[in-house]
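The values are calculated or read from the model by the stated rules, or taken from the named source; none is laboratory data. Since we're looking at a predicted model, the values are computed, not measured. Here the Cβ positions follow ideal geometry from the backbone for every residue, glycine too, while neighbour counts run over all protein chains shown.
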Amino acid sequence: MSSIHIRPRFKDRYKMQPDEVVKLVQDHMATLDCGCTAIVRKNFIVLRIRPDERHFWSPQLSLSFELDEEDDSFTVIRGLYGPNPTVWAFFTYGYAALGILATFLGMYGFSKYSLGQDATVLWSLPVLAVLALILYFIAQFGQKIGAEQMFTLHHFFEDSVGHRIHVA
């Protein structure tokens with residue numbers, strides 16, 4: 001499951017109704033000490049690692065259940081693995097800040113360059129690219145730290161529905 005994807009995901013179909021799939025997960029959680037907790041809403045579940053085992057890089061699995069548009073006897077399940085929303089926001093805002101800064105410094109530097117003036121500010125662009133790359137590698141490192149817990153969540157859900165799931 002560990003890959004270059006920042007947020008691995010899957011999509012699968014089951015021949016049952018969405019509320020039946022939710023009930024399967026709830027029943028499986030009640031009968032098993034799986035090491036995770038769940039937030040359950042209608043046709044939506046967030047599986048998290050138990051608070052006593054959770055750390056900064058702990059993942060969560062967001063599951064959504066909806067009727068298949070082509071055949072309403074099937075349920076389409078979409079799963080999205082990701083970090084705690086706080087961690088996700090940090091990286092999102094980090095990338096956004098670097099992108100905005102690079103855009104404005106690039107516009108300023110290239111306008112200076114086109115006017116024939118000193119454009120040493122353009123040297124900040126490779127520095128910002130390196131910072132974005134470092135941010136990416138930090139995210140990959142965190143994903144590796146949380147990989148075992150991601151497998152725990154993944155196997156719990158597979159056991160709940162009794163079906164193997166391929167993560168893309």
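Observations, loosely collected:
- Residue match in the stretch 54-70 (condition: touching a residue at least 40 places away in the same chain (Cβ under 8 Å) and over 21 Å from the mean Cα position of the chain (by Cα)): yes
- Filtering the stretch 140-161 to residues that are touching a residue at least 24 places away in the same chain (Cβ under 8 Å) and hydrophobic (A, V, I, L, M, F, W, C) leaves Ile145, Ala147, Met150, Phe151, Leu153, Phe156, Phe157, Val161.
- Selection within the stretch 39-70 - of a type in the set (Val, Ile, Thr) and either in contact with a His (Cβ under 7 Å, 6 or more places away or on another chain) or loosely packed, with under 14 Cβ neighbours inside 10 Å (or both): Ile39
- The sole residue among Gly82, Gly94 that is under 30 Å from Leu128 (Cβ atoms), surrounded by 12 or more Cβ atoms within 10 Å (Cβ to Cβ) and free of Cβ contacts under 8 Å to residues at least 60 places away in the same chain is Gly94.
- Residue in the stretch 125-146 that is at pLDDT below 95, surrounded by 14 or more Cβ atoms within 10 Å (Cβ to Cβ), in contact with a strand residue (DSSP E or B) (Cβ under 6 Å, 6 or more places away or on another chain) and within 21 Å of Phe10 (Cα to Cα) present: yes
- Condition broken by Gly116, with the remaining ones in (1) assigned to a helix (DSSP H, G or I); (2) farther than 30 Å from Ser58 by Cβ satisfied: (1)
- Some residue of the stretch 70-77 being assigned to a helix (DSSP H, G or I), out of contact with any Pro (no Cβ under 6 Å at 6 or more places or on another chain) and outside the structural domain of Val130 (by TED's automatic domain parsing): no
- Which listed residue is at pLDDT 90 or above and in contact with a Cys (Cβ under 8 Å, 6 or more places away or on another chain), from Leu115, Leu153: Leu153
- Inside the stretch 110-166, residues that are under 30 Å from Leu47 (Cα atoms) and small (Gly, Ala, Ser) make up a count of 7.
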